[in-house]
Amino acid sequence: MLKAKENQPNLLADCKFLFDNEIENIIYDKTIEKEHGRMETRKYYLYNDSKGTIIEPKWDKITNSIGKVEVTREYVGYDKKTVTEHYYIMNKNMTIDEFKKATRSHWGIECSLHWVLDVIFNEDASRNRVGHSIHNLSLVRKIVFNLVKLDNSFGNVHFNLKLTNYQHDFANIENLIFSVIPTA
C-alpha cells in the first residue's frame, strides 16, 4: 500500500479523477467513532482490478487497487468541521475490510515513527548530503527511537519529554544503557 501524496501530483490526480467520475464497481463502507471530544466519520471507497486507470506507466504496473478514505471530523461543543481525503494504491485486490485495516495500520505507522522522525528529530530539515550520511543518521534516529520506546522508567510520559530527560541528566542515559537495554 502506498499513499498518493502531493509529491506525486500525476498519481494523485489520477486517483482523484477515478473517484470523481462515478465509475461502477466501487466498494463502499463507513465507520463512525466518537472519542477525544470529536466525532470522526470515515468513508471508505475501493476500486479493484484498476489496471489501466493510472496514466503514468511506472504506477500502473504495480497498481491493482485504488482506494479513497474521506475523513470528516466534527468537534463536540464547537461549530467546527474538517473534511480530508486520502488516496492509496495497492499492488493487490482486497476486500473492503482488508482496505480499512490496512489504512488504519498505515496511519498508525505515520503517526508513530514517521511523525517522531519528522517533528521531534526534524529529519525532513536535515541537510546532510555527504556520502552515506543521510542513511547513517536515519538509522541512528530509528535506533534512538526504539531504545527510548523501551524505557518505562519515566512512567507514561510523551516521547519528547523522555528525550528531554536524557539531555538534562546523564544518569538517565546510564540507566537506559545498563538497566533497560540488558533486560529488553
Between residues in region 76-104 that are assigned by TED's automatic domain parsing to the domain that holds F17 and residues that are surrounded by 11 or more Cβ atoms within 10 Å (Cβ to Cβ) and among the basic types (K, R), which pairs lie under 6 Å by C-beta distance while being six or more apart or on different chains?
T82/R73; Y87/K68; Y88/K3
Here are the criteria: (1) of a type outside the set (S, T, N, Q); (2) in a strand (DSSP E or B); (3) modelled with pLDDT under 85. Tell me which single one H86 does not satisfy.
(3)
Selection count, region 50-62, where residues are out of contact with any strand residue (DSSP E or B) (no Cβ under 8 Å at 6 or more places or on another chain) and assigned to a loop (DSSP other than H, G, I, E, B):
5
Scan of region 155-184 for residues that are surrounded by 15 or more Cβ atoms within 10 Å (Cβ to Cβ), closer than 25 Å to E123 by Cα and over 25 Å from the mean Cα position of the chain (by Cα), ordered by number
N165, Y166, N172, L176
Sort out which residues of region 33-59 are within 23 Å of K101 (Cα to Cα) and touching a Gly at 6+ places or on another chain (Cβ under 8 Å), and write them in order of number.
Y44, Y45, L46, Y47
From G67, G37, grab the single residue that is loosely packed, with under 11 Cβ neighbours inside 10 Å and small (G, A, S).
G37
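The values are calculated or read from the model by the stated rules, or taken from the named source; none is laboratory data. Given the structure is predicted, the values throughout are model-derived calculations rather than measurements. As a convention, Cβ positions derive from the backbone with ideal geometry for all residues, glycine included, and neighbour counts pool all protein chains shown.
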